[in-house]
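One structure below.
The values are calculated or read from the model by the stated rules, or taken from the named source; none is laboratory data. Not measured: the values here are computed from a predicted model. Cβ coordinates were reconstructed from backbone atoms using ideal geometry, including for glycine residues, and neighbour counts include every protein chain displayed.
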Amino acid sequence: MRLAATAMSRNEADDDGCRGAIVNVASVAAFDGQIGQSAYAASKGGLVGMTLPVARDLSSAGIRLNAVAPGLVDTPIYGRGDKAETFKAKLGESALFPKRLGRGDEIADIITACILNSYMNAEVIRVDAGIRMPPK
């Protein structure tokens, strides 16, 4: 982030004075860390916690900063085959709606929106189908 912001600060500003936008990827674990996830939850909580103060710091350079906190997203980490699909379906049941895991393109869409929306700054957006992770 430090290196990206330094490079962006040298960009020519647009009509609003914006020189760039940064989007960090956190996780719902920042808010709903589960048993055994202390280090992971703390690292994602750190991203969430620094979003506003760093956005304030970067504002003088015309750089916006936001963060996205995805919920359960379908990635290769779950494996392949019938067992993996059954496991993913079970995980998806804990989402409010839709009752499935998120897709990479859904996360990419919100990241793109954070970059393209010139009025979006210093926010953390959960993209999680309303899930609230249980303790275990």
Q: Would you check which residues across region 101-113 are exposed (fewer than 14 other Cβ atoms within 10 Å of the Cβ) and of a type in the set (Gly, Ala, Ser) and list them?
A: 104, 108
(Q) With the requirement that a residue be surrounded by 16 or more Cβ atoms within 10 Å (Cβ to Cβ) and of a type in the set (Lys, Arg), what does region 114-135 give you? (A) 126
Q: Go through 85, 93 for me and flag whichever is surrounded by fewer than 12 Cβ atoms within 10 Å (Cβ to Cβ), more than 30 Å from residue 20 (Cβ to Cβ) and either within 18 Å of the chain's Cα centre (by Cα) or of a type outside the set (Gly, Ala, Ser) (or both).
A: 93
Q. Considering only residues of region 56-74 that are surrounded by fewer than 20 Cβ atoms within 10 Å (Cβ to Cβ) and either within 23 Å of residue 103 (Cβ to Cβ) or at pLDDT below 95 (or both), which is nearest to the chain's Cα centre (by Cα)?
A. 73
Q.
If I filter region 25-55 down to residues being in contact with a Leu (Cβ under 9 Å, 6 or more places away or on another chain) and outside any helix (DSSP H, G or I), which single residue comes out as surrounded by the fewest Cβ atoms within 10 Å (Cβ to Cβ)?
A. 25
**Q.** Check on residue 108, more than 18 Å from the chain's Cα centre (by Cα), among the aliphatic types (A, V, I, L, M) and in a helix (DSSP H, G or I)
**A.** no
Q. Out of all the residues in region 1-10, which are in a loop (DSSP other than H, G, I, E, B) and touching a residue at least 24 places away in the same chain (Cβ under 8 Å)?
A. 1, 9
**Q.** Selection count where residues are over 30 Å from residue 123 (Cβ atoms), outside any helix (DSSP H, G or I) and of a type in the set (D, E, K, R), scope region 67-91
**A.** 1
